[in-house]
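For reference, the structure discussed in these notes is given below.
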2 protein chains.
Amino acid sequence: MLDKNTKILIIGLGLLGGSYAMKLKEKGYYVAAIDTDRDTIGYARKLKLIDYATSEVEEDLIKDSDLLIFALYPHIFLEWIKTYGHLIRPDAIVTDVTGVKGIITDAVQGMLEGGAEFIPAHPMAGKGHLGVENSDPGIFKGANYIVVPTEKNTERGIETCKALGETLEFARISTLSTAEHDKMIAFVSQLTHCIAVSLMCATDNEHLVDYTGDSFRDLTRIADINDEMWSGLFLDNRDELLAEMDKYRKSFDEIYERIKNNDREGLREMMRLSSKRRRRFNK
Amino acid sequence: MLDKNTKILIIGLGLLGGSYAMKLKEKGYYVAAIDTDRDTIGYARKLKLIDYATSEVEEDLIKDSDLLIFALYPHIFLEWIKTYGHLIRPDAIVTDVTGVKGIITDAVQGMLEGGAEFIPAHPMAGKGHLGVENSDPGIFKGANYIVVPTEKNTERGIETCKALGETLEFARISTLSTAEHDKMIAFVSQLTHCIAVSLMCATDNEHLVDYTGDSFRDLTRIADINDEMWSGLFLDNRDELLAEMDKYRKSFDEIYERIKNNDREGLREMMRLSSKRRRRFNK
């Protein structure tokens, strides 16, 4: 479980890794970090974000850690486990922050078989701009934290992972299966980013800013997007994303037809349904 | 022009009419209001939102007013001008807050021919929930105000209208033609509402709220929508809206194809374009 004696190691000190570190330090935990980028480590040391920081994969540091949190791009995470996974103590708990689970969970649990327990998690928090210098322990406030266990996970692993979410002060902690998670994330996160990007790409009008209201501004906030990370997330969850895009496109085509047919009552019906559903978010 | 001797009459005391009244009163102007709903008038009187309020169309009040601001649904506005337009003094200035202009401008200018000058305006400010009780003079802060003149308008009319936008402390005041306005509004306002409504209608998952991040929340804020007003706005600007929906759909189909084809570089290209365009909004 998680207590003040738990030695926490964060691998990957970007926006999320850095924010985890800041929040955990704030709550009095011991936090070490590995990041291959020397500037990142320099920055983290200077601002005292962590207790110990290194740009090398130090064998003793890994062996000494009780809870390892991976905050890397999916494929770098997989590569890391393949190369260094054997260094993790069998009684350690491994978790992550990866936004897709299908391509990660089985692979990592398979590579750690007989060793440390990997319990996947997805903190639904972030910011448009990545990097350790944008770290902010406030991003967890009001946000959702999803634990995504498999049948290979133990009660101890799941409870430790939930305790981490509670320590970080997420507003809600839920549990989903890998398939449920990837389907849900395709809809609420990847699809919304597709929509925002499409909308900004649909016009080259440079004067939009002079005419927009809050609705356009809010809807396109996420159109300023990290192309490396998000193209990866889209393709790593491709089939689920395409299925959710199809569902949304059907709904959009429906409203299009109702406008085209001057179907006022049909439009109002869709609006009443969307209002009813959206109001659930206000509670 | 607009000064402290200008007698201002607001017709229609909903969210926008009420917010205009509050801001104008705050700045020391004399403001009267007509609204056919007695509860609205009672509320406005009780909270002293205006200097004079009535639920009747009083001939003397109309004849006495220098600047008339119509904050009614488009078709009620047209009906009002048809019935009472002749009561407006020929040297008075008439403006509005209507979200579509094509169906309004020519008709109102035609009916007032030889009488008062109608200079259309569109304040790009609002709230999800309508009605005088949601009035808030703060909604203009940071917002855009668009003056939509025709060749029938005079310098005096246009300047008065702009002075009103400045008095209400809008962040930016722009000028567009009727056609430009309706095309732009179809894209930045009506299309965004179509997207949000479609997205909420695309799934009946009642647990979304447990899993969403800020992106979904921001994107669907406007899905809680007044179905009477918005179905009207959509159909009153139908051709322009369908054209903008087509443009957006083409862009969405493009991102869909690139995901389907595992075209990572093509995806990143769209993301870089959308990021570049969205960053213009941060200035």
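Points to keep in mind about this one:
- Given (1) within 14 Å of another protein chain (Cβ to nearest Cβ); (2) of a type in the set (Gly, Ala, Ser); (3) under 20 Å from B:Thr178 (Cβ atoms), number of the condition B:Ala71 does not satisfy: (1)
- Filter result (of a type in the set (Asp, Glu), more than 7 Å from chain A (Cβ to nearest Cβ) and assigned to a helix (DSSP H, G or I)) within region B:191-224: B:Asp214
- Residue match in region B:119-128 (condition: in contact (Cβ under 8 Å) with a residue 24 or more places away in the chain, over 26 Å from B:Ala223 (Cα atoms) and surrounded by 15 or more Cβ atoms within 10 Å (Cβ to Cβ)): yes
- The residue that is farthest from A:His129 (Cα to Cα), among those in region B:251-272 that are surrounded by fewer than 17 Cβ atoms within 10 Å (Cβ to Cβ) and facing another protein chain (nearest Cβ under 7 Å), is B:Lys260.
- Here is the figure for region A:71-97: residues that are surrounded by fewer than 24 Cβ atoms within 10 Å (Cβ to Cβ), outside any helix (DSSP H, G or I) and without any contact (Cβ under 8 Å) to a residue 60 or more places away in the chain total 5.
- Flag for A:Val188 being under 15 Å from the mean Cα position of the chain (by Cα) and either part of a loop (DSSP other than H, G, I, E, B) or within 14 Å of chain B (Cβ to nearest Cβ) (or both): yes
- Residue in region A:127-135 that is among the charged types (D, E, K, R), modelled with pLDDT under 95 and under 20 Å from A:Ile34 (Cα atoms) present: yes
- Residue count for region A:171-185, restricted to those that are part of a strand (DSSP E or B) and within 8 Å of another protein chain (Cβ to nearest Cβ): 2
- Single condition B:Thr154 does not satisfy, out of (1) closer than 25 Å to B:Gly115 by Cβ; (2) under 14 Å from the mean Cα position of the chain (by Cα): (2)
- Hits in region B:225-242 (condition: facing chain A (nearest Cβ under 7 Å) and not in a helix (DSSP H, G or I)): B:Ile225
- Evaluating B:Ala33 against the criteria (1) of a type in the set (Gly, Ala, Ser); (2) in a helix (DSSP H, G or I); (3) without any contact (Cβ under 8 Å) to a residue 60 or more places away in the chain leaves one unmet condition, (2).
- The condition (being surrounded by fewer than 22 Cβ atoms within 10 Å (Cβ to Cβ), modelled with pLDDT under 95 and among the charged types (D, E, K, R)) is satisfied by just one residue among B:Glu206, B:Glu169, B:Glu159, B:Glu155: B:Glu206.
The values are calculated or read from the model by the stated rules, or taken from the named source; none is laboratory data. As the structure is a computational prediction, the values presented were derived from the model and not from experiment. Positions of Cβ are backbone-derived with ideal geometry, glycine not excepted, and every protein chain shown enters the neighbour counts.
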